[in-house]
Amino acid sequence: MMAITAAETDHRKGFETLDREVEVDGLEVTGEIPPWLAGTLVRTGPARFETAQGSLRHWFDGMAMLHRFSFGEDGVSYGSRYLRSRAYRALEETGSLSYREFATDPCRSLFSRFTSLFSPGITDNGNVNVSKIGDTLVALTETPMPVAFDPETLDTLGVEFDRAPGHHSTAHPHHDTARGELLNHVLKFSARSSHRLYAQSGPRSRRTIASVPTRHPGYLHSFGMTERYAIFVVGPFVADPLRLALSGRPFVEAFEWRPELGTKVWAIDRHTGELRAEMETDALFAFHHVNAYERGDDEVVVDLCAYEDASIVESLYLERLRAGAPVPPALPVRLTLDLERGSVQRRLLAEAMFELPRVNYGRVNGRPYRYAWGGGGGAGGWIDAVVKLDVENGEVSTWERPGCYPGEPVFVPEPGAEREDAGVLLSVVLDAERGTSLLAILDARTLEELARADVPHHIPFSFHGQYLS
Ligand SMILES: [Fe+2]
């Protein structure tokens, strides 16, 4: 396959295809890795952007590659493999796209386009996130089609899952550790569309908790979870289900930005399924929730990375990214929900770009918290810093290096530590001047660089990953 030629010295190399799978036992490490760090970071992201017909259209369309960084007494090992999803295997066999991706469609008749939306013909190209359903590790995209894989070999396993009750899900499920379940949202398109909350504890165990009907089904990439509620914040980037099925345009192009509809906020009691409150605020667009928690019986705090509108989706078309066009920044925004009155207050937590957020999940998700980490900076039009945000006082600190473009910083807590921010951040960084990537290991409290492990090639920008201890 052919790699697109992009500038060698800026972030655009992050959108070039990686045309090999590798297994490297000992990466070259500079600095000191904390001895308690002995698990594996597994990430997924788009890594192949071409078919026989040419380039895929959107960053989110790229074929998923899994990446593994394992820490041990012998140092850091790295492995990469393309996810052998049905979508990937079909592309390998035919040279063409056979499944409907985010913004690129296979060439098909009207009839098969219809069936490809409302049948299992939807893609399973798990390029967005990895998670665990029961004991099974899965790669996820935004369809209800998880693909199981082995975290050591990165081999794709042929596990069949019960289908979620809808068409468009999120790759950001929440863990309900008390019940041993994964909670997720799924949007069902129909003449009476609905946003649904469901729980899953294994490949064959799934239950629908709630279904909220909507006249304007909106795109949702993640949601908030408190001890009692699931919070859906749905901006006015909405689709007409009939147009989605019949317009002949790719999935995301059936959505339009309609700010006059405002942003809907639903608080669903995740234990009973009751819709506790339905609220509305001005139009905003967000991919990522940072955290959410309750304050008393009637108040919920929801933090998210918010855009003024949905133009970020257009700015992530590969043609624009490869031309170096800047992307609009997400800012950290707090919504305070009054469940009794049904009102929403909104304020900026900091005047700083903040995307791909992570928190000390096991400790603070759904609870009051103070720290979040993410990608930021962005003066050059792309994420070029790791940012630590103190959500109490809006203080921001950064880690940055010339010509370096970090990805999502995954927080790993230091075992037994008292402070919420005691631990490390693991971020895959593109060093554009060298044309290769590295894994940066930062002190999560100070953002001091503790160590780095050099990868012998570039790793295309990936979205999300998880640390397995
Ligand atoms: Fe995401």
Magnitude of the charge dipole, the stretch 302-408, Cβ model with Lys/Arg +1 and Asp/Glu -1, debye to 20: 300 debye
Rg and Dmax of the stretch 316-464, Cα atoms only, in Å: 16.5, 56
Cα-Cα P(r), the chain, percent of pairs per 20 Å interval: 25, 62, 13
Stokes-Einstein diffusion coefficient of the stretch 188-318, Kirkwood radius over Cα pairs, 25 °C, 0.890 mPa s, in µm²/s: 156 µm²/s
Residue 52-residue 243 FRET efficiency (beta carbon distance; Förster radius 41 Å; 0.05 resolution): 0.90
For a label point 7 Å along the Cα-to-beta-carbon line of residue 227, residues of the stretch 271-296 with backbone N under 15 Å: 271, 292-296
Local electrostatic count at residue 185 - Lys and Arg +1, Asp and Glu -1, tallied over other residues with Cβ under 12 Å: +2
Charged-residue dipole, Cβ positions (Lys, Arg, Asp, Glu), the stretch 201-272 about Cα centre, Debye nearest 20: 320 debye
Near-label residues of the stretch 295-311 by backbone N, under 11 Å of a point 7 Å along Cα→Cβ of residue 278: none
The chain - charge dipole about Cα centre, Lys and Arg +1 at Cβ, Asp and Glu -1, debye rounded to 20: 1680 debye
Estimated FRET transfer efficiency when R0 is 45 angstrom, pair residue 323-residue 269 (beta carbons, to 0.05): 0.45
Summed residue charge, Cβ within 10 Å of residue 378's Cβ, Lys/Arg positive, Asp/Glu negative: -2
Packing-based exposure ordering (other Cβ within 10 Å, fewest first) of 86, 249: 249, 86
Qualifying lysines (Cα of each under 19 Å from Cα of residue 264; at least 8 residues distant if same chain): 188
Per residue convex hull volume, Cα atoms of the stretch 245-287, in Å³: 125 Å³
Theoretical gain in end-to-end length, residue 96 to residue 22 [0.36 nm per residue, Cα-Cα removed]: 24.2 nm
Net charge of Cβ neighbours under 10 Å - reference residue 199; Lys, Arg +1; Asp, Glu -1: +2
Order of 206, 363 - criterion: other Cβ atoms within 10 Å of each residue's Cβ, fewest first: 363, 206
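Rule-based calculations on the coordinates, nothing more; no lab input. Remember, it's a predicted structure, so these values are computed and weren't measured experimentally. Here Cβ is always computed from backbone atoms with ideal geometry, including for glycine, and neighbour counts include all displayed protein chains.
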